[in-house]
Amino acid sequence: SVLEYQRQRPGALRAGVEIVATDLSSEMLQKCELGIYDELSLARGLSPQRRQAFFQQNESGLMQVKPDVRRMVSFRSLNLLSSYAALGRFDIVFCRNVLIYFDVPTKRQILKRIRELMHPDGFLFLGAAEMPMSVDNAYERVDVARAGCYRIRDT
């Protein structure tokens, strides 16, 4: 996580780390902004150490993201077919398992828009079935922990 990385390497990240979470669904954004999860949700892929570090039990007995983590995240509605200009510039973009729902011309348009808001040394994480090179050759694959990670090709 960003907090773990900051603790291990103070000063290594750009100043003012901000996480922008987007979704088309306002209902999903509201749910995510609360940051409340049941035990089963947290048991899938989250180590007990991270669970203890980043979550606390709330008054309902459910687990809630701790305030120091929640303060780092802003939630915004975003339609991938609309402008991204208001989002700013990014070092890392996660767009996992979304592109599979679009045709090739739309994928090309979305990848171009993402590329335009990324810093030149930034990274794009996609789902396992999504490979931008077949749609937009401006990206190259980078090996990062067996993830679908890409960066903008040096031109």
Tell me which residues, restricted to region 110-155, are in a helix (DSSP H, G or I), open to solvent by 40 Å² or more (accessible area, probe 1.4 Å) and either modelled with pLDDT under 85 or more than 24 Å from residue 83 (Cβ to Cβ) (or both). 133, 134
Grab the strands (runs of 3 or more DSSP E) fully contained in region 1-97, keeping just those with 2 or more residues being free of Cβ contacts under 8 Å to residues at least 12 places away in the same chain and either out of contact with any Pro (no Cβ under 7 Å at 6 or more places or on another chain) or over 25 Å from residue 108 (Cα atoms) (or both). 55-57
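The values are calculated or read from the model by the stated rules, or taken from the named source; none is laboratory data. Note that the structure is a prediction, hence the values are computed from the model and not measured. Heads up, the Cβs are rebuilt from the backbone with ideal geometry, glycines too, and the neighbour counts pull from every protein chain shown. These area figures cover heavy atoms from the full protein model, side chains too; ligands, DNA and RNA do not enter into them. Shrake-Rupley method; radii C 1.70, N 1.55, O 1.52, S 1.80 Å.
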